[in-house]
Amino acid sequence: MRTQSKGRANVSAAARLAVLISGNGSNLQAIIDASEAGDLPAQVALVASNRREAFGLQRAVRAGIPTLYFPLRPYLDAGRTRRDYDADLAERVAACDPALVVLAGWMHVLSPAFLDRFPGHVLNLHPALPGQFAGTHAIERALHAYRRGEIAHTGVMVHRVAAEVDAGPVIATVEVPIAADDTLETLEARVHAAEHILLVEAIRQALAE
């Protein structure tokens, strides 16, 4: 478990965000780009990941943002619980004093040990509309449902996190069309493009509330 930091000015001049990721970090990049362009009244104060190989950590380092690699495995190997992990992660995240904690491709269900530390201030991005395709592989499941004639489109939502997976008060949604000739790759690209726009807008809305 380690942190990295490079010099970065004026982080305190805007609302501070902690962004949790597990992978590529393209949505993190959208937040960074919007912040640097002045389109988002916030700056990322910390990027944390439970996976060392997450490319989003490299994106953060390149932008001069402090990073935290915080894996679950050492806790399990020591006979400790996921709740212990969540509580310690919350402590590390709280140290950057975030106005919001943004889950942008974070592949770990957080327990109340984390959520209760930031009540109402944890946002999650999910590649489906409210009430549809909770959990993993949401885009693939939406494509299969479309091919079965069960849905006409899919979408993306950003919501405040509750104990139930991919549930909680919705901040923003957008519909994403599905084409008859879509492959998983083409639909994923369309959904991800929508995510980048919606996430920035949802953060802006949440900060204004």
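The values are calculated or read from the model by the stated rules, or taken from the named source; none is laboratory data. Keep in mind the model is a prediction, meaning the values are calculated, not measured. All Cβ positions, even for glycine, are placed from backbone atoms using ideal geometry, and neighbour counts span all protein chains on display.
List of remarks:
- Hits in the stretch 151-177 - residues which are in a loop (DSSP other than H, G, I, E, B), surrounded by fewer than 20 Cβ atoms within 10 Å (Cβ to Cβ) and among the hydrophobic types (A, V, I, L, M, F, W, C): Ile151, Ala152, Ala162, Ala163, Val165, Ala167
- Single condition Asp88 does not satisfy, out of (1) acidic (Asp, Glu); (2) over 19 Å from His196 (Cβ atoms); (3) in contact (Cβ under 8 Å) with a residue 24 or more places away in the chain: (3)
- Pairs where the first residue, in the stretch 166-185, is touching a residue at least 12 places away in the same chain (Cβ under 8 Å) and of a type outside the set (Ser, Thr, Tyr) and the second is in a strand (DSSP E or B) and surrounded by fewer than 16 Cβ atoms within 10 Å (Cβ to Cβ), C-beta under 9 Å, 6+ apart: Glu175/His153; Val176/His153; Pro177/His153; Ile178/His153
- In the stretch 106-121, residue modelled with the lowest pLDDT [restricted to those that are buried (at least 20 other Cβ atoms within 10 Å of the Cβ) and either charged (D, E, K, R) or touching a helix residue (DSSP H, G or I) at 6+ places or on another chain (Cβ under 6 Å) (or both)]: Leu110
- Flag not set for Arg83, criterion: basic (Lys, Arg), at pLDDT 95 or above and buried (at least 16 other Cβ atoms within 10 Å of the Cβ).
- Checked against (1) over 21 Å from Ala163 (Cα atoms); (2) surrounded by 17 or more Cβ atoms within 10 Å (Cβ to Cβ), Leu100 meets all criteria but (1).
- Restricting the stretch 57-80 to residues that are among the aromatic types (Phe, Trp, Tyr) and touching a strand residue (DSSP E or B) at 6+ places or on another chain (Cβ under 8 Å) leaves a set whose member that is surrounded by the fewest Cβ atoms within 10 Å (Cβ to Cβ) is Tyr69.
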